[in-house]
1. How large is ³J(HN,Hα), in whole Hz, for each residue of the stretch 70-79 in order, when computed from phi with the Karplus curve 6.51 cos²θ - 1.76 cosθ + 1.60 and θ = phi - 60°, using x for Gly and Pro?
2. For Y19 and L34, calculate 0.36 nm times their separation in residues minus their Cα-Cα distance, and state this gained length in nm to one decimal.
3. Can you list residues whose amide H is under 5 Å from E92's amide H, if they're 5+ apart or on another chain and H is modeled 1.01 Å from N?
4. Tell me, what ³J(HN,Hα) does each residue in the stretch 41-46 have, in order and in whole Hz, if you take phi through Karplus 6.51 cos²θ - 1.76 cosθ + 1.60 with θ = phi - 60° and put x for Gly and Pro?
5. Would you mind computing, in nm to one decimal, how far apart the modelled labels at D46 and Q68 are, each placed 7 Å from Cα along Cα→Cβ?
6. With θ taken as phi - 60° and the coefficients 6.51, -1.76 and 1.60, list the Karplus ³J(HN,Hα) couplings across the stretch 60-68 in order, rounded to whole Hz; mark glycine and proline as x.
Amino acid sequence: MAKLYYSLVKKMAALEVVYKRLQTLGLHDFCLQLHSHRTNKKAVYDEIIRVLDNARPRDHTKDADLTQLGNLRELLNKYANELHTPFGKLAENHLMFWTTCFGVKASTFNKS
């Protein structure tokens, strides 16, 4: 999903800071600078053409890692459910077990 961000600042220095940060992130090709009094129609067209000509091909090398995300999430959710499921002859979950056996407060485990 494409997103559009429009930045309106009063000072040129602030705009340059934003642009340099985007440049360090490699996002400057997605910026269209229309801030200068020297900007004219041809310069805008040239900038658009430059961005379109330098469009990067999509990098799909990490797609395999993304497909594992669902599997890892499912595994972690299963583990969390098992931790909260009563077990053994006492039929208590891990929080109650630690509280009963070792005097550890249940609030110790519930920190966010």
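1. x, 5, 5, 4, 4, 5, 5, 5, 4, 4
2. Between Y19 and L34, full extension yields an extra 4.2 nm.
3. Long-range HN contacts for E92: F87.
4. The phi angles translate into 4, 5, 5, 5, 4, 4 Hz.
5. In this crude label model, D46 to Q68 measures out at 4.7 nm.
6. Going residue by residue, I get 9, 5, 9, 4, 4, 5, 5, 5, 6 Hz, with x marking Gly and Pro.
Since every read-out is calculated from the coordinates, none of them should be taken as a lab result. Nothing here was measured: the structure is a model prediction, and the numbers come from that model. In this analysis, Cβ positions are derived from the backbone assuming ideal geometry, glycine residues included, and neighbour counts consider all displayed protein chains.
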